Amino acid sequence: MPDTNRTKFIFVTGGVVSALGKGIASASIGLLLQKRGLTVQNIKLDPYLNVDPGTMNPFQHGEVFVLDDGSETDLDLGHYERFLGKSLDKRNNVTTGQIYNTIITRERRGDYLGATVQVIPHVTEEIKSRVRALARNGDRPDVVIAEIGGTVGDIESLPFLESIRQLRLEEGLQNTMFVHLTLVPYISTAGEFKTKPTQHSVKELREIGIQPDMLLCRCSKPISDSLRQKISLFCSVPTRSVAVAPDASTIYEIPIQLHNQQVDEIICEHFGLDVPAPALDEWEGMVDKIKNPRCRVKIAICGKYVNLKDAYKSIIESFNHAGVPADARVDLIWVSSEEIKHSGPERFLHDVDGLLIPGGFGERGVEGKIESIRYVREKKIPFFGICLGMQCAVIEFARNVCNIEDAHSYEFYRDLKHPVIHLMADQEGVTELGGTMRLGAYPCVLQEGSRSHQAYGSLEISERHRHRYEVNNSYRELLTQNNLIMAGVSPDNRLVEIVEIADHPWFVGVQFHPELKSRPIDPHPLFRDFVRAAVEYNRKREATENVGNKNEELAGTTTKSH
Ligand code: GLN
């Protein structure tokens with residue numbers, strides 16, 4: 001008899017190449033099990049030596065996903081939160097850096113006195129204890145889904161793979177499941193799918209003692225049953241458990257794809273869990289809306305890392321979510337802030353329905369951002385500024401509305417006459433860079449009747465932060481006199497959290513990161529209203545353009561008739 005009271009563990013590994021979507025696969029499995037009434041916790045095990053990704057360049061690692069408790073985590077945690085609709089904490093992301101940090105601190109304290117401290121057992125025991133802690137504490141989940149970062153065959157992920165091998169031994173066959181995500185490439189010159197890379201990656205897993213129970217085969221389009229049988233034969237995985245995950249038009253379709261292949265059914269059978277079929281109606285409705293929008297809007301994102309979409313993952317997803325209530329497809333136009341500086345904003349922004357400036361660090365491209373904000377403020381195009389984007393909006397306003405010509409941020413220049421953006425008081429004297437920003441959830445009080453208040457429908461909110469600088473309070477009065485609304489402030493009124501301009505269709509800048517809390521089933525209110533404003537702007541723009549075209553046509557006819 002299976003032990004149904006014990007937490008079940010699903011270990012998700014990846015093979016052949018990276019970036020196959022292990023995070024999305026893990027989140028999708030989590031969602032399906034959750035919709036069957038099970039409680040689920042996802043954990044990401046990252047093999048790098050950084051304690052967290054907070055100190056890494058987005059080019060290296062993509063976006064840093066900040067949680068309520070202030071931990072800076074891998075962007076896959078964003079997928080987990082968005083799919084499962086729940087907030088996670090620091091226990092849900094473990095890195096090799098954290099493991100070694102703990103072990104070395106213990107060793108220096110003398111806790112291992114007499115012993116040689118080694119990868120096996122000390123590192124593996126610490127990894128296992130972190131995975132088990134998630135199972136034993138908090139909401140005591142029915143299922144823990146542990147995703148192992150990197151690709152099978154990497155040197156640095158070996159201790160994690162060894163740990164999950166041991167966990168199977170210790171927790172029991174029926175309480176553990178190995179799911180391997182792999183690539184089945186289509187070779188267009190041969191007109192064929194190739195299974196060899198999958199065979200090799202499973203062979204590599206077997207060499208370290210792991211036989212997968214299920215394969216998720218990523219491919220550009222669906223593969224035939226005979227190919228699945230071939231994979232099954234060579235990899236010793238039952239054909240039924242060789243699932244296919246072809247490229248989808250939206251990532252939110254993946255759970256449905258997997259469910260249609262009985263992935264959740266097979267998992268529950270394996271664990272001996274007798275639970276009802278998942279209730280997916282609401283989810284399917286959302287996917288349907290994303291796939292069949294009634295209108296389209298064009299929103300520009302002006303930032304530094306526009307060539308690396310992973311750096312703005314949560315923002316992209318927030319737009320996908322916000323498109324659902326607006327019944328709109330949001331086409332994102334990526335504009336490099338440096339190019340704007342070079343060629344001016346008109347060239348890039350003349351036909352957009354909205355502009356978003358995301359968070360960022362460093363001076364590069366800032367002048368281009370400021371110029372583009374001036375353009376949309378004056379042309380009354382909807383604007384949304386996030387963190388650095390909000391700070392740039394304040395600089396632009398100070399310069400061009402309040403006439404403080406040399407207004408700037410203390411982040412970029414230290415000897416400023418007008419640092420309208422200043423270092424936060426509690427950041428003074430901070431020298432270490434890891435985990436020292438103002439991080440995580442903080443409350444914010446909204447001004448009655450502001451756009452933000454309208455959006456949230458409440459006067460008190462909580463949002464996640466990641467910054468060192470803030471609006472300089474010495475300039476608050478001047479900015480307010482010139483009609484920049486301080487629409488959100490910290491409860492002690494010491495920190496400006498939101499600025500707005502009233503005489504504009506939608507102009508909102510926020511010091512926090514709303515994109516971290518948007519969910520497909522529950523879009524973030526500010527993204528939702530920004531997209532609505534963009535739809536409205538688009539309608540008006542098209543109406544004026546049509547009138548313009550008609551007038552031109554008429555003018556043409558008139559000329560001809562003369
Ligand atoms: N660099 C700015 C600060 O530290 C903004 C940070 C951000 O956009 N996340 O305050």
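Values quoted throughout were computed directly from the atomic coordinates according to the rules given, and no laboratory measurement underlies them. The structure displayed is predicted, hence computed values, not measured ones. Heads up, the Cβs are rebuilt from the backbone with ideal geometry, glycines too, and the neighbour counts pull from every protein chain shown.
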>> Just to be sure I understand the model, the point goes 7 Å from the Cα along the line to the Cβ. What's the resulting residue 229 to residue 343 distance in nm?
In response: 5.5
>> For a Förster distance of 35 Å, can you work out the FRET efficiency between the beta-carbons of residue 211 and residue 460, rounded to the nearest 0.05?
In response: 0.10
>> Distance between the C-alpha centers of the range 265-304 and the range 506-536? Whole Å please.
In response: 20
>> Rounded to whole Å, give me the distance from the Cα center of the range 118-171 to that of the range 422-467.
In response: 35
>> As an exercise, use a Förster radius of 41 Å and the Cβ-Cβ distance of residue 492 and residue 119 to find the FRET efficiency, rounded to the nearest 0.05.
In response: 0.30
> What does a probe at residue 49 reach in the range 119-159, counting residues whose amide N is under 14 Å from the point 7 Å along Cα→Cβ?
Replying inline: 155-157
> If you place +1 on the Cβ of every Lys and Arg, -1 on the Cβ of every Asp and Glu, and leave all else neutral, what size is the dipole of the chain about its Cα centre, to the nearest 20 Debye?
Replying inline: 880
> Sorted from fewest to most neighbouring beta carbons within 10 Å, what does the list 506, 334 look like?
Replying inline: 334, 506
> By how many nm would the segment from residue 310 to residue 416 grow when fully extended, if each residue of separation counts as 0.36 nm and the alpha-carbon distance is taken off?
Replying inline: 34.8 nm
>> Using a 7 Å offset from the Cα along the Cα-to-Cβ direction at both residue 192 and residue 431, what is the distance between the two label points in nm, to one decimal?
In response: 6.4
> Got a sec? Charge dipole of the chain, +1 on Cβ for Lys and Arg, -1 for Asp and Glu; which of 233, 359, 7 is way out at the positive end?
Replying inline: 233
> Once every DSSP H run of n ≥ 4 in the chain is given -39500 (n - 2.57) and the sum is divided by its residues, what mean residue ellipticity at 222 nm do you get, rounded to the nearest 500 deg cm²/dmol?
Replying inline: -12000 deg cm²/dmol
> Which residue, chosen from 481, 520, 96, occupies the Cα position most advanced towards the positive end of the dipole of the chain, where the dipole is computed from +1 (Lys, Arg) and -1 (Asp, Glu) charges on Cβ about the Cα centre?
Replying inline: 520
>> Sequence gap of 8 or more, or different chains, plus Cα separation below 19 Å: how many lysine pairs satisfy both in the range 104-235?
In response: 7
>> Antiparallel versus total DSSP beta bridges in the chain: what percent is that, nearest 5?
In response: 35
> Expressed as an acute angle from 0 to 90° and rounded to the nearest 10, what is the orientation of the C-alpha long axis of helix 196-207 relative to the principal long axis of the chain?
Replying inline: 60
> What is the order of 56, 286, fewest Cβ neighbours within 10 Å to most?
Replying inline: 56, 286
